[in-house]
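The values are calculated or read from the model by the stated rules, or taken from the named source; none is laboratory data. Worth saying up front: this structure is predicted, and the values here are computed from it rather than measured. Positions of Cβ are generated from backbone atoms using ideal geometry, with glycine treated the same way; all protein chains shown enter the neighbour counts. All accessible areas refer to the heavy atoms of the entire protein, side chains included, with ligands and DNA or RNA removed. Shrake-Rupley method; radii C 1.70, N 1.55, O 1.52, S 1.80 Å.
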Amino acid sequence: MDPCRPMSAVQPAVLTYVQDRAYEKFIPLNASIELTMRCNIRCVHCYNFDRETPLDRASVAAELSTAEVMRVMTELRNEGCLYLALTGGEAFVHPGFFDFMDHARRLFLAVQVLSNGTLITRETAVRLSGYPNLLGVSLSLYGATASVHDGITKVAGSFDKTWAGARLLQERGISVLLKFILMKQNCHETAQMMEQAESLGFTCTVDPAITMRHDGTKGSLETRMSPEQLEALYRGPLRTFVPHHAAT
């Protein structure tokens, strides 16, 4: 089976029906909460802000409190939400992360965690495996080699830590989705990234979209692939690519 076309890519008819009804009735079936802007790596394409610039105190102070995030989660559930993505910044940086997981379990929300994986320890993986409402963890990867990946994150050793986190989750039976974010710095390793995922038993998805930053600056757009690079990908390694369709 193509590692980038997992079984979950074939959506059950009942789920399609539910999603269509939710769309018609303006029900927020799927939601995402950005828990924090803080992150432990400094990706050159980050959509929040230029990670080479320290996060100012005002931005940190403006983040929702743990109680406020829980209130939003409750309000979303009351409005019909079933699928919740927890992201950042880096979700595991937030000291209240497992408080949010506990609250999601109480609310019967199915959770997908988006992370860079570098902070996942054996203890974290064991704790996550205890949540029956955890759909899985999506981990961002930026290359097939440490030199390329770490060149994008600007943190030496992040490639090895992300893969270590992925394996720890896999060992605990947690569904792991590797998200390959493609840009001009790493597109030449696309085929190798996909081959790595297949050889190690992971499903993956590929995302070539790089957006302008939320603070209005455009530095992240400098990492976008050229039209020629995109064409080469879709005529090459991505020619038969089928996107992964996660619930969230």
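Miscellaneous remarks
- Residues satisfying the stated conditions in the stretch 177-191, i.e. open to solvent by 10 Å² or more (accessible area, probe 1.4 Å), touching a helix residue (DSSP H, G or I) at 6+ places or on another chain (Cβ under 7 Å) and either in a helix (DSSP H, G or I) or under 14 Å from residue 117 (Cβ atoms) (or both): 187, 189
- Residue-level check: of (1) in contact with a Phe, Trp or Tyr (Cβ under 9 Å, 6 or more places away or on another chain); (2) at pLDDT 95 or above, residue 247 misses just (2).
- Selection within the stretch 201-223 - more than 19 Å from the chain's Cα centre (by Cα) and either among the acidic types (Asp, Glu) or open to solvent by 70 Å² or more (accessible area, probe 1.4 Å) (or both): 215, 218, 222
- Test result for residue 85, assigned to a helix (DSSP H, G or I) and open to solvent by less than 20 Å² (accessible area, probe 1.4 Å): no
- Scanning the stretch 129-139 turns up at least one residue that is open to solvent by less than 20 Å² (accessible area, probe 1.4 Å), within 30 Å of residue 16 (Cα to Cα), more than 18 Å from the chain's Cα centre (by Cα) and at pLDDT 95 or above.
- Taken together, the criteria exclude residue 69 from residues that are surrounded by 15 or more Cβ atoms within 10 Å (Cβ to Cβ), modelled with pLDDT of 95 or more and outside any helix (DSSP H, G or I).
For every residue, the table says whether it meets (1) within 18 Å of residue 89 (Cα to Cα); (2) in contact with a strand residue (DSSP E or B) (Cβ under 9 Å, 6 or more places away or on another chain); (3) in contact (Cβ under 8 Å) with a residue 24 or more places away in the chain; (4) not acidic (Asp, Glu).
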site	(1), (2), (3), (4)
171	no, no, yes, no
188	no, no, no, yes
193	no, yes, yes, yes
215	yes, no, yes, no
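- Hey, residue 120 at pLDDT 95 or above, closer than 20 Å to residue 39 by Cα, of a type in the set (A, V, I, L, M, F, W, C) and in contact with a Gly (Cβ under 7 Å, 6 or more places away or on another chain) or not: yes
- Per the listing 160, 150, 99, the residue uniquely farther than 26 Å from residue 15 by Cβ, touching a Phe, Trp or Tyr at 6+ places or on another chain (Cβ under 8 Å) and among the charged types (D, E, K, R) is 150.
- Selection of first residues in the stretch 19-30 that are farther than 9 Å from residue 79 by Cβ and of second residues that are outside any loop (DSSP other than H, G, I, E, B) and aliphatic (A, V, I, L, M), restricted to Cβ pairs under 9 Å at least 6 apart or on distinct chains, gives the following pairs, ordered by first then second residue: 29/18; 29/22; 30/22; 30/84; 30/85.
- Test: residue in the stretch 222-231 that is more than 30 Å from residue 80 (Cβ to Cβ) and touching a Ser or Thr at 6+ places or on another chain (Cβ under 7 Å): no
- The stretch 154-167 - residue that is closer than 16 Å to residue 91 by Cβ and of a type outside the set (Gly, Ala, Ser) and, of those, most open to solvent (accessible area, probe 1.4 Å): 161
- Exclusive hit being closer than 30 Å to residue 148 by Cα, open to solvent by less than 70 Å² (accessible area, probe 1.4 Å) and more than 18 Å from the chain's Cα centre (by Cα), set 55, 35, 29, 76: 55
- Verdict on residue 229 being touching a Lys or Arg at 6+ places or on another chain (Cβ under 9 Å), more than 30 Å from residue 109 (Cα to Cα) and among the polar types (S, T, N, Q): yes
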